[in-house]
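Worksheet: one structure, shown below.
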Amino acid sequence: MTQFDRRHFLGSGLFAAAAATIITPERALAGASPAGWSLAVADVDADVPEETLQLVHGKVPANCDVTLYRNGPAKFRRGTGTSGHWFDGDGLVRKFRVGDGKAHLTARFVDTPKRRLETKLDAIVQPGFGSSRRDGAVVNGPDDTNAANTSVLMSGGQLLALWEGGSPAIVDPETLETKGFKTFRRDLKQMPFLAHPRVEADGTVWNLGGNGKGTFVWKLNPDGSLGKAEMLDVGRASYFHDFTATARHLIIVLQPWVQEGFKFPLSTAMAWKPELGTRILVIDKDDLSKKRTYELPAFSFFHLADGWEESDGTIRFDGCLEENPTFGQIAASALLRGEHIKAPSPMLTQIVLNPNGKADMKTTRISAEFPATDRRRAGQARRFTTHVAGYRQTPFPHAIAIWDWKTGRDDKFDFGSHQLVEEFLFVPTGSGERDGWLMGTTLNLKERKTELHLIDAGRVSEGPLATWRASLPLPLTFHGTIA
Amino acid sequence: MNNLQSICTVIAMCAASISTASIAQNAAAKLDVNFTGIEEKEGAILGVVFNSEDAYNGKGAPVRQIMISADKAEVSTALEGLEPGVYAIKAFHDIDGDMKMSTNPYGMPIEPFAFSNNAVGNMGPAKWADAKFEVKPGANVHAIVIK
């Protein structure tokens, strides 16, 4: 097969992965009882109709009027088959609505061709990041395998369920009903759109799609219309799940986890080549042909936080950097089998791109993931990064924290080993960078229920101001948005 | 996918080389091909008809081409004077009227396409074995959902 499916098909972030042969997994905890944490990757069999959550702790601030949308995979098993990777389950969009002192939850699966086909066959057949193509699979374009399971974006009043290898799916923000895939322009059907768009304070959205040697740059205007759509040569077929930006520049981090051909599962088509080092491209938002390049020692990563530029041209951004991609290559697949393969911890690290062309890394030595910031400050200097923390015996974090880059300290609350902590997002209530709440969810393994928490962002270590509990456990989400 | 894209190539480049008149002389069968499920009522349905596995797989020419205005949800064409036998059809909806299967910047086809028997391809065109159907002497009808 040629142009259609080999060189370009799914020529995207999802569509690259690892030569498992070069990885030597340390199955440190393989065989340990999966009884507890495996609820994090359990199946949900049906949509969740709206329910009122039970307030189990604290008091709801009177002025709290927030909707949190979250997305994550929630169906991994059908018939006798199981998805090959945590990243390949069907996306379940959850809406947590807090207002009038009450909280409500609704959750609905994104109605994708993949989900419809697999429901009909009662089998897991579609290929993905870590899943093979099985009998009955139908793959005639990226959106046939689209799991719509990674994040959500509100753009121009439209709620989009994001994956990374194909189109966003349009979801009704009230009912969560799927309205088909979003086509920004007729000739841009089936184009990859990463699940990590960078949103400027005015609502302008920048995103990338696809990670062959060329990627695609998307710019959406604040009203959701298409502002820019251009191919960009990045020179190396690195896998990237995320990128970042300053007010003036896009920053693309090219880890040496590179695509070498095309095959399913996609995670077997990429090789870890640390000898190449990690390359960082800085691209002018107004003229994509203007590029600068920085070189750093090899690291792998999934997530970055917003960047900014100082008056002398120094660029700073942070991310959760890993020594190698073992987690994405094999450990995230093992989770679905109830196995915990120890992978290098992601470390919260600041990357500094100096005007002299040299780049530096400043690690906090803090194990962290899901960095989040005050979105009003996108592209501007900031002092804090919110992150999950408290990695211990399970593969998942147990704490939420805000790192202070000035003092070099975390303000942290540990929910305990019975709680698996998901991404928390910042909800501003005042002008300061800590004037607001952190809102996020956990999976309480003791109660076997999902919980929603509201924390004072200025006093994280004091724990939640309010905690609500759902009637059921939902598997862990990846990302969300505040509306 | 060479073969899918060859639908348009074959139509655009080989059409002139086929003489429907000469084929018609020995024919004893008529085939009505109905295309249904057309969502965007513009452009045309373009198709190619093959009478052998080799030709279907790109090692030969089609015996007929189809070009029908796609102005309704269902459109049809009559192929007169076919020899009875086994055939298969590849078709796509040329919405923008450029006579080509349009692609996105990564080369992915973005116009609806279909095969006879509504056979489904897998990272490529449907197989001959799945798409082939018999045309008997006299009147025949074959329906294809194009999506």
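All of the numbers you see were taken from the coordinates with simple rules; none came from a lab. The structure displayed is predicted, hence computed values, not measured ones. Because the Cβ atoms are built from the backbone with ideal geometry, glycine has one as well, and the counts that use them run over all protein chains shown.
Out of the DSSP beta bridges found with both residues in the protein assembly as shown, what percent are antiparallel (nearest 5)?
Details: 154 of 162 bridges.
Expressed as a percentage, antiparallel bridges in the protein assembly as shown total about 95.
Measuring how big segment A:86-182 is from its alpha-carbon positions, Rg and Dmax come out at 14.4, 51 Å.
Taken as Cα centroids, segment A:126-194 and segment A:296-325 sit 27 Å apart, rounded to the nearest whole angstrom. Full extension of the chain segment joining A:Thr293 with A:Glu462 gains 56.5 nm, where the gain is 0.36 nm per residue of separation less the Cα-Cα distance.
Straight-line reach from B:Lys72: which aspartates and glutamates have Cα under 20 Å away, leaving out those fewer than 8 places along the same chain? Partners within reach: B:Asp32, B:Glu39, B:Glu40, B:Glu42, B:Asp94, B:Asp96, B:Asp98, B:Glu111.
Averaged across the residues of B:107-116, what count of C-beta atoms belonging to other chains lies within 10 Å of each residue's C-beta? Can you show the working numbers first?
Working: counts 9, 16, 7, 8, 2, 0, 1, 0, 0, 0.
Across B:107-116, the average partner-chain Cβ count within 10 Å equals 4.
A simple count of charges around A:Asn207, restricted to other residues whose Cβ falls under 9 Å of its Cβ and scoring Lys, Arg +1 and Asp, Glu -1, yields +2. Looking at segment A:96-140, the pairs of alpha carbons with a distance over 11 Å make up 72% of the total.
Nothing charged except the Cβ atoms of Lys and Arg (+1) and of Asp and Glu (-1): what's the magnitude of the dipole of segment A:205-356 about its Cα centre? Round to the nearest 20 debye. Please list the in-between numbers first.
Details: 15 positive and 18 negative charges, 82 e Å.
The dipole magnitude comes to about 400 debye.
For the pair B:Asp71 and A:Asp187, what calculated FRET efficiency results from E = 1/(1 + (r/R0)^6), where r is the Cβ-Cβ distance and R0 = 22 Å, to the nearest 0.05?
Working: r = 22 Å, r/R0 = 1.02.
Efficiency computed from Cβ-Cβ geometry: 0.50.
Taking 16 Å as the cut-off, the amide N atoms of segment A:92-115 that come nearer than this to a point 7 Å along the Cα-to-beta-carbon line of A:Glu50 belong to A:94-108.
Seen from every direction in turn and averaged, the convex hull around the alpha carbons of the protein assembly as shown projects onto 28.8 nm². What number of lysine-lysine pairs in segment A:91-199 show an alpha-carbon separation below 27 angstrom, given a sequence spacing of 8 or more or placement on distinct chains? So the count works out to 11.
Between A:Thr429 and B:Lys59, the FRET efficiency from the beta-carbon distance, with R0 = 60 Å, is close to 0.30. The sum of -39500 (n - 2.57) across all DSSP H runs of n ≥ 4, divided by the residue count of chain A, sets its helix-only mean residue ellipticity at 222 nm to -500 deg cm²/dmol. For A:Met361 and A:Asp223, the FRET efficiency from 1/(1 + (r/R0)^6), where r spans their Cβ atoms and R0 equals 41 Å, is about 0.60.
Sort the following peptides by mean Cβ neighbour count (other Cβ atoms within 10 Å, averaged over residues), highest first: A:66-74, B:70-78.
Values: A:66-74: 24.2, B:70-78: 14.7.
Packing order, densest peptide first, comes out as A:66-74, B:70-78.
The magnitude of the dipole of the protein assembly as shown, with charges of +1 and -1 set on the Cβ of Lys/Arg and Asp/Glu and taken from the Cα centre, is near 820 debye.
Loop-located trypsin sites (Lys or Arg not before Pro) in segment A:301-361 (DSSP state other than H, G, I, E, B) with a sparse environment of at most 16 neighbouring Cβ atoms within 10 Å: A:Lys358.
Legend: mean number of C-beta atoms from other chains within 10 angstrom of residue C-beta atoms, peptide B:96-106, equals 5.
Protection proxy ranking of B:101-108, A:237-244, A:457-464, A:288-295, by the mean of other Cβ atoms within 10 Å over each peptide's residues and highest first, is A:237-244, B:101-108, A:457-464, A:288-295.
Peptide B:63-75 has a mean of 0 when you count, residue by residue, the C-beta atoms of other protein chains within 10 Å of its C-beta. Separation of segment A:406-425 and segment B:31-65, taken as the distance between their Cα centroids, equals 60 angstrom. Placing +1 on the Cβ of each Lys and Arg and -1 on the Cβ of each Asp and Glu in chain A, which of A:Thr441, A:Gln419, A:Ala359 has its Cα farthest towards the positive end of the resulting dipole? It is A:Ala359, whose Cα lies furthest towards the positive end. Spin-label model, A:Asp122/A:Lys446: points 7 Å from Cα along the beta carbon direction are separated by 3.9 nm. By the rule of a C-alpha distance below 14 Å, with chain neighbours fewer than 8 residues away ignored, the aspartates and glutamates paired with B:Lys30 are B:Glu80, B:Glu83, B:Glu134.
Starting from 0.36 nm per residue, how many nanometres of slack lie between A:Asp404 and A:Arg376 once their C-alpha separation is accounted for?
Length gained, A:Asp404 through A:Arg376: 8.3 nm.
How would segment A:255-396 be classified by its alpha-carbon gyration tensor: rounded, prolate or oblate, with rounded meaning a/c under 1.5 and the a/b versus b/c comparison settling the rest?
Details: a/c = 2.11, a/b = 1.37, b/c = 1.54.
It comes out oblate by the Cα gyration axes.
Between the residues A:Phe264, A:His249, A:Asn221, the greatest Cα displacement towards the positive end of the dipole of segment A:200-265, with unit charges on the Cβ of Lys, Arg, Asp and Glu, is found for A:Phe264.
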